[in-house]
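The values are calculated or read from the model by the stated rules, or taken from the named source; none is laboratory data. Everything quoted here is computed from the prediction, not taken from an experiment. Cβ: placed from backbone, ideal geometry, glycine included. Neighbour counts: every protein chain shown.
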Amino acid sequence: MIATALDLPVDFFEPGLVHPLLGTRMVHYPPMPNQQINQQLGCGAHSDYGYLTLLLTDGVPGLQLLRRDDTWVDVDASAGDLIVNLGDLLGRWTNDVYRSTKHRVLSPADQHRYSVPVFVDPGYDTYVEVLGSCIDATRPSRYKPVRAGDYLRSRFDDTFAYRQGD
């Protein structure tokens, strides 16, 4: 759907997804009954690094998205719904025509919350360069070409202190 919307061949992204980098997590947000629900973050504000994230939900509220006007909105999702978040690497590929979604999770006050994100990223050696269809006189290229694996590794290195050298 993304390729078609960008006037690219429907299979444009497929070569980079033949040997994708995939990661899955099972995330548990325990109840925080002694906290004000709007003050206790289960997961702080962030965007996902890669191509896209598929998120299976349990229907318990808490996921919020940051709108372009800098207000947070609740995501209304029922148990079993699949949410698709766009990632930063897709933003690079599309020159921010498609931008990653900044989001956070508020810990529930009185119930357990579970989610299962699946991070879908291109293969390590996939060359990511701003697409020609996403560049014009008013929107010059914002990003240098990068190998997907190098980009993702640099984001992990910047985020996690244990990955940084002494």
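Descriptive notes on the structure:
- Scanning region 134-164 for residues that are surrounded by 15 or more Cβ atoms within 10 Å (Cβ to Cβ) and touching a residue at least 60 places away in the same chain (Cβ under 8 Å), we see that the one that is farthest from Leu55 (Cα to Cα) is Cys134.
- With respect to (1) at pLDDT 95 or above; (2) surrounded by fewer than 19 Cβ atoms within 10 Å (Cβ to Cβ); (3) β-branched (Val, Ile, Thr), the lone exception for Val128 is condition (2).
- Applying the condition of being farther than 14 Å from Val116 by Cα and out of contact with any Leu (no Cβ under 9 Å at 6 or more places or on another chain) to region 44-66 and asking which residue is modelled with the lowest pLDDT yields Gly44.
- Single residue of region 25-43 satisfying the filter (among the hydrophobic types (A, V, I, L, M, F, W, C) and either at pLDDT 95 or above or not in a strand (DSSP E or B) (or both)) that is farthest from the chain's Cα centre (by Cα): Met32
- Scope region 49-68; condition buried (at least 19 other Cβ atoms within 10 Å of the Cβ) and either over 20 Å from Arg153 (Cα atoms) or in contact with a helix residue (DSSP H, G or I) (Cβ under 7 Å, 6 or more places away or on another chain) (or both); matching residues: Tyr49, Gly50, Tyr51, Leu52, Leu55, Thr57, Gly62, Leu63, Gln64
- Count of residues meeting criterion [within 22 Å of Pro15 (Cα to Cα) and either buried (at least 20 other Cβ atoms within 10 Å of the Cβ) or among the aromatic types (Phe, Trp, Tyr) (or both)] in region 96-119: 3
- Qualifying residues in region 10-24 (those that are outside any loop (DSSP other than H, G, I, E, B) and among the aliphatic types (A, V, I, L, M)) - the one nearest to Phe119 (Cα to Cα): Leu22
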